[in-house]
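Worksheet: one structure, shown below.
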Amino acid sequence: MRPDYDLALEAAAIQRVTGDTYSVRQWQGIPGVECSPDGTLWAAFYSGGRGEGVDNYVALVRSGDRGRTWSDLQYVIDPPGQVRAFDPCLWSDPAGRLWVFWSQSFSWYDGRCGVWASVCTDPDAAATEWSSPRRIADGIMMNKPTVLNNGEWLLPIAVWVCHDSPLNELPELTFSNVYVSADQGETFGLRGSADIPNRHFDEHMLVERGDGSLWMLVRTFYGIGESVSLDGGRTWSPGKPTTLGGPSSRFFIRRLHSGRLLLVNHYGFKGRSHLTAMLSEDDGLSWQGGLILDERADVSYPDGVQDNDGQIYVIYDRERDKAKEILLAVFTEEDIRAGTCVSKGAALKQIVNKARN
């Protein structure tokens, strides 16, 4: 009898955590971070079961003191049965609304999945309220949208090509896709797709460059690949390797308030160690500085945000099934250029959440 894959098409609402149902966690990782206009930090990650599988749920925590201390789990997204919630993404839109995106799949990977979203209009409130979840598109998205100079929102959503799936229904979407909203999130539609050879879970990110072109970076088996669009994401150049390297793992790139680009990657290392922040003043042609955020093994999957004061927050995980830590690095551009923490308030390896057995 065919499993009911369409169960993954049913919404799983954000629930407030009460009691100790989620207090013991055997595994956790893949975090995201965002900052509200008034400075509240939110973090998301996923857990449930012994690893990536049907028991996965998304968890949300927050900090009111710029990341020095964090709440325990406040909200979860926990679909029933064989449907899992995973790969969360937090994003504050230009109006200051906090979006939480996540993916749902029947079993580990059903070949279709789906990106869902819920919105909080007041992320600084003591008791936050979330909109009813809605399904944005087929696929998976774990990295933040990019707002273009013309006001359009671009979302990096992928249907994995690197794994066989039981459904196998979407060959036309098995690319590093770009979805667009031209009406501040009221509607979303597919804009275009890039095809980067040897991509591995995609995990792509988008940057609008000074000349108006779009630069897409994509996780590959060999490190990081790239593609360029000259028409707002409708068509993309043939994918090719970059010289950025890395161990085939998630990276993070974002334009800062200064106009420089921030890249967080396992610079110069083959394994998931030496997570390093670097800056570019020429839209990624060259990179300077090098602040090592964490030199230890098994640190991975950075996500970041810069607050209104210029402070940068990068979240990542460490030893998902051993230490089970979600960690935060707090720093500025000055620290990156110096290669060490010199600014007031800079701090590395700060605990956001550590699961207990």
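Centroid-to-centroid, using Cα positions, region 48-123 and region 281-357 are 21 Å apart.
With the convex hull constructed from alpha-carbon coordinates only, region 69-178 shows a mean projected area of 8.7 nm² over all directions. Ordering Gly345, Gln288, Phe221 by the projection of their Cα atoms onto the charge dipole of region 215-357, which places +1 on the Cβ of Lys and Arg and -1 on the Cβ of Asp and Glu, puts Phe221 at the extreme positive end. Working from the Cα coordinates of region 190-327, the gyration tensor eigenvalues give, after taking √(5λ), semi-axes of 25, 19, 13 Å in decreasing order.
What relative contact order, as a whole-number percentage, does the chain give when Cα pairs under 8 Å and 6 or more residues apart are counted?
Values: 990 pairs, mean separation 45.7, N = 357.
It comes to 13 percent, rounded to a whole number.
As a length-normalised measure over Cα pairs under 8 Å and 6 or more apart, the relative contact order of region 170-272 settles at 20 percent. Karplus-based coupling profile of region 287-298, in residue order and whole Hz: 10, 10, x, x, 9, 6, 7, 7, 8, 6, 6, 6, with θ = phi - 60° in 6.51 cos²θ - 1.76 cosθ + 1.60 and x standing for Gly or Pro.
What ranking do His257, His204 get, fewest neighbouring Cβ atoms within 10 angstrom at the top? If you can, show how the numbers build up before the last one.
Working: His257 12, His204 26.
Taking fewest neighbouring Cβ atoms as first place, the list is His257, His204.
Just flag the GluC sites (Glu not before Pro) in region 296-357 sitting in loop per DSSP whose Cβ has no more than 15 other Cβ atoms within 10 Å.
Values: sites: Glu319, Glu325, Glu333, Glu334; in loops: Glu319.
Listed in order of number, the matching sites are Glu319.
Compute the Cα gyration tensor for region 1-149, then decide on rounded, prolate or oblate, letting a ≥ b ≥ c be the square roots of its eigenvalues: rounded whenever a/c is under 1.5, prolate when a/b is larger than b/c in the other cases, and oblate in all that remain. Each step should come with its number before you reach the end.
Numbers: a/c = 1.97, a/b = 1.36, b/c = 1.45.
Oblate, since a/c reaches 1.5 and b/c is not below a/b.
Sequentially through region 249-255, phi angles give Karplus couplings (6.51, -1.76, 1.60; θ = phi - 60°) of 8, 4, 10, 9, 9, 7, 7 Hz, Gly and Pro residues having no value and appearing as x.
Counting only Cα atoms, the chain measures 58, 46, 39 Å along its principal axes, largest extent leading. Taking the fewest neighbouring Cβ atoms within 10 Å as the starting point, the ordered list for His266, His200 is His200, His266.
For Asp294, neighbours were defined as the other residues whose beta-carbon sits under 11 Å from its Cβ, and their charges (Lys and Arg +1, Asp and Glu -1) total 0.
Footprinting exposure proxy ranking of Ile224, Ile157, fewest other C-beta atoms within 10 angstrom first, gives Ile224, Ile157.
Since every read-out is calculated from the coordinates, none of them should be taken as a lab result. The model shown is predicted, which means the values in this text are computed figures rather than measured ones. Cβ atoms come from the backbone with ideal geometry, glycine included; neighbour counts cover every protein chain shown.
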